[in-house]
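Have a look at the structure below, then the notes.
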C-alpha cells in the first residue's frame, strides 16, 4: 500500500528504486501484489459486512455475511491477479510489434506496480454511498499517470516507440479493468441473481 502511494506522489524516484532492485515477477506477485490485494480486500470486506451495498429496489443497503463477502473478495482478488498476468502477456506481445524484445517479468512488473493505484482505491468500495465506478475512475486515472513514468523505465522500449507502446498499453488496461469492474459492480448491485444463489449455496 505504501509503495502504491509513493508511485502516486513520487513516481519517478519510486520507479527508479523498482528498476534498480530488479525483482523477479514471482517476487512482485507474492511480495507486493498479493499483500496489496489482501489489505484492500480487508477494507472492502469490512464495509460490505458493516454497511452493505445499495441495490436497486431495496429500501436499505444489502449487508453481506462474512462468508459471502469472503467468497466475493477472494474471487475479485483472483480476477485481479488474472488481469495482471493476461495484461502483462499482451503488453509483452505489444512491445514486440514495436520492434522491442521484452521479457514477461518486465511487463508483469510494469503492470503490477502500474495498476497499484487502481487496486489501492478499491478501499472506496467499502462505502455504500460511493459508486464502484468512482473508485475505478480515480484509480485508473492515477494508474495511467503512474504508467507514464514507469513503463519506459521498466520495459526500455526504443525511444521512437515508447509513447506508442504506452498509449496502446493504457488503452488495453482501461478496457480489461473496465470489463472487470462491470462484472463486479453488477454483482454488488444484485444483477447476477443466479451467481448470488450459487455463492449462498456454496457457503451453506
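Data overview
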{"quantity": "Members of segment 1-15 that are surrounded by fewer than 14 Cβ atoms within 10 Å (Cβ to Cβ) and part of a helix (DSSP H, G or I)", "calculated": "2, 5, 9, 12, 13"}
{"quantity": "For residue 103: the one exception among (1) under 18 Å from residue 29 (Cα atoms); (2) in contact (Cβ under 8 Å) with a residue 24 or more places away in the chain", "calculated": "(2)"}
{"quantity": "Selection from segment 17-55 of residues that are assigned to a loop (DSSP other than H, G, I, E, B) and at negative phi", "calculated": "23, 24, 51, 54, 55"}
{"quantity": "Qualifying residue in segment 144-158 (condition: surrounded by fewer than 21 Cβ atoms within 10 Å (Cβ to Cβ) and either closer than 20 Å to residue 41 by Cβ or within 13 Å of the chain's Cα centre (by Cα) (or both))", "calculated": "yes"}
{"quantity": "Residue satisfying condition, being surrounded by fewer than 18 Cβ atoms within 10 Å (Cβ to Cβ) and closer than 30 Å to residue 70 by Cα, within set 134, 111", "calculated": "134"}
{"quantity": "Residue within segment 153-173 that is at pLDDT 95 or above, part of a helix (DSSP H, G or I) and closer than 30 Å to residue 61 by Cα present", "calculated": "no"}
{"quantity": "Any hit, segment 186-203, residues being part of a helix (DSSP H, G or I), farther than 21 Å from residue 52 by Cβ, in contact (Cβ under 8 Å) with a residue 24 or more places away in the chain and out of contact with any strand residue (DSSP E or B) (no Cβ under 8 Å at 6 or more places or on another chain)", "calculated": "no"}
{"quantity": "So residue 84, is it outside any loop (DSSP other than H, G, I, E, B) and surrounded by 19 or more Cβ atoms within 10 Å (Cβ to Cβ)", "calculated": "yes"}
{"quantity": "Residues (within 15 Å of the chain's Cα centre (by Cα) and free of Cβ contacts under 8 Å to residues at least 60 places away in the same chain) located in segment 31-40", "calculated": "34, 35, 38, 39"}
{"quantity": "Residue tally, condition part of a helix (DSSP H, G or I), surrounded by fewer than 22 Cβ atoms within 10 Å (Cβ to Cβ) and in contact with a helix residue (DSSP H, G or I) (Cβ under 8 Å, 6 or more places away or on another chain), over segment 95-108", "calculated": "2"}
{"quantity": "Segment 180-204, subset at pLDDT below 75 and under 12 Å from residue 69 (Cα atoms), residue surrounded by the most Cβ atoms within 10 Å (Cβ to Cβ)", "calculated": "199"}
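The values are calculated or read from the model by the stated rules, or taken from the named source; none is laboratory data. The structure displayed is predicted, hence computed values, not measured ones. Ideal geometry is used to build each Cβ from the backbone, glycine not excepted, and the neighbour counts take in all protein chains shown.
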